[in-house]
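Read the structure below first, then the notes.
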Amino acid sequence: MGLKLILERSYEVLANLNIKKDEKTSLYWFKISLGTDPVTGKRRQTTRRGFEKKKDAEQTYNDLKNQYYDGVLTYNQSTKFKDFIAEYLKWYKTQVRITTYENRLSSIKKNITEVFGEYKLEQLTPIVIQKWQQQLLQNGKDQNYVRSLHIAFAQILERAVNLDIIRTNPAKKAGNVKRKKKEVEFWTEDELNQVLDTMNKSDILQYFGYVMIKFLFYTGLRFSEMQALQWSNLNEDNKSLDIIKDLDYKNQSEWSFDDLKNKASERMVVLDDETFDIITKWKEFQKTLFELKEDSFIFSYDNGIPTNKFFPGHAITRHSKLAKVKRIKPHALRHSHASFLISLDVNIIAVAKRLGHADVQEVLKTYGHLYPKHQFDVVNNMNDHIKDMKKNKTGSSVGQDTTDNPEI
């Protein structure tokens, strides 16, 4: 048995001994000793409270002990940011999807690490972070992009707080920049058809682009979800697709399956008749290109290799220009699908589930501006109801008129 495993089991025993329950609040808490500070020589202790479940308290206790064992907690406020971020990224990589990690890595390095690398953690004050925000904006960075960078920075420094390296999070104190509301770009169904009409389906690449763009418009899948689709994910009996994985695509020879964005992303998407027909015809065409198997990618024309992430962008750029329709990004086909469903008065909960959102809040946040007309529908329905009530009441009063009845 390795030393680390022995220590981990020892930590579990210690956790059980040290975790207490507050009788007043029924919440769990613990006090933990983390050795001595290498700079001050003082004993390091921390108390954590507010755990609803004992197992959560145990997990936090064990994490802190393991981090101390790994040497992370020997860091202090005089540690340079570049040294802390190196350790942070090792940990962060274990917490998120590999695609999320890789997508954020370059942005963090360029806009945060390169700026603050030589700073000591104690030098990262709220005013320093506020000046950083303003400098990014003055350099022409998009306001929402600066906002997302600040969120990432705050998460990094919050980790330092959790590890008892710094006491407070200066990024939280500085506050974030205001979100700038942007209109979501999308195509209407007419615009989609104008673009599709410019595609020659006798040309393999144009036919492939036709199938892909139409599919994305009528399903609303994320591009990486579409990339990962295999024929085994298609249920022909009920014309549906099982969305169970993403694709992390780097190049033709380097790609791998990845977890979906969140639990709600795992879903079944039922295809309309026309989209199902287009997909099955594409399947027959694929058979003329290479040997088709159950695990073959649906969106492939090159010997079963998954499509690259640049193809739809090139196709949209070329054919939207030919059709004289505004160019949109491939992800905007997902927005187009949502907008299309809203125009059909599809229930907002159904829209959220089809798109793979955990709840309707994301739909309202992104597409809320498309719902105002429904306010008038609500009022019209109320007006009609009140008119009917008045009419029924009037009719009832007429029927009860007894002035001519001598028996009453």
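The values are calculated or read from the model by the stated rules, or taken from the named source; none is laboratory data. Note that the coordinates shown come from a computational prediction; the quantities given were computed from them, not determined experimentally. FYI the Cβ positions are ideal-geometry reconstructions off the backbone, even for glycines, and counts take in every protein chain you see. These area figures cover heavy atoms from the full protein model, side chains too; ligands, DNA and RNA do not enter into them. Shrake-Rupley method; radii C 1.70, N 1.55, O 1.52, S 1.80 Å.
Would you mind stating whether Asp248 is outside any helix (DSSP H, G or I), in contact (Cβ under 8 Å) with a residue 60 or more places away in the chain and not β-branched (Val, Ile, Thr)?
So Asp248 fits the description; yes.
Return the pairs, sorted by first residue and then second, in which the second residue is open to solvent by 60 Å² or more (accessible area, probe 1.4 Å) and modelled with pLDDT of 95 or more, the first residue lies in the range 183-201 and is polar (S, T, N, Q), the beta carbons are less than 7 Å apart, and the residues are 6+ apart or on different chains.
Taking only residues 6 or more apart or on different chains, the pairs are Thr198/Leu322.
Name the single residue that is nearest to Ala174 (Cα to Cα) among those in the range 116-159 being of a type in the set (Gly, Ala, Ser), open to solvent by less than 30 Å² (accessible area, probe 1.4 Å) and within 26 Å of the chain's Cα centre (by Cα).
Going through the qualifying residues, I end up with Ala154.
Can you confirm whether Thr113 is surrounded by fewer than 16 Cβ atoms within 10 Å (Cβ to Cβ) and touching a residue at least 24 places away in the same chain (Cβ under 8 Å)?
Taking the combined requirement at face value, the residue does not satisfy it.
Which condition does Lys293 not pass, out of (1) at pLDDT below 95; (2) open to solvent by 80 Å² or more (accessible area, probe 1.4 Å); (3) touching a Ser or Thr at 6+ places or on another chain (Cβ under 7 Å), if it passes all the others?
For Lys293, the exception is condition (3).
Scan (1) in contact (Cβ under 8 Å) with a residue 60 or more places away in the chain; (2) under 22 Å from Thr198 (Cα atoms) for the single condition Arg318 breaks and write down its number.
Failing condition for Arg318: (1).
Counting only residues that are of a type in the set (Asp, Glu) and over 10 Å from Ile244 (Cα atoms), which one in the range 258-285 is nearest to the chain's Cα centre (by Cα)?
Per the criteria, the residue is Asp272.
Checking Asp242 against (1) assigned to a strand (DSSP E or B); (2) modelled with pLDDT under 95: exactly one of these is not met. Which one?
Evaluating Asp242 over (1) assigned to a strand (DSSP E or B); (2) modelled with pLDDT under 95 leaves (2) as the failure.
Just for the range 310-326: of the residues that are in a helix (DSSP H, G or I) and among the hydrophobic types (A, V, I, L, M, F, W, C), which one is modelled with the lowest pLDDT?
That would be Phe311.
Test of understanding: among Ser265, Ser240, Ser253, which residue is of a type outside the set (D, E, K, R) and over 16 Å from Arg354 (Cα atoms)?
Criteria check complete, one pass: Ser253.
Wholly within the range 123-210, which helices (runs of 4 or more DSSP H) include no fewer than the required count, namely at least 2 residues that are over 28 Å from Val363 (Cα atoms), at pLDDT 95 or above and in contact with a helix residue (DSSP H, G or I) (Cβ under 6 Å, 6 or more places away or on another chain)?
Filter on the range 123-210 gives 126-138, 143-162, 170-174.
Can you tell me how many residues in the range 189-232 are within 19 Å of the chain's Cα centre (by Cα) and open to solvent by 10 Å² or more (accessible area, probe 1.4 Å)?
Number of matching residues: 3.
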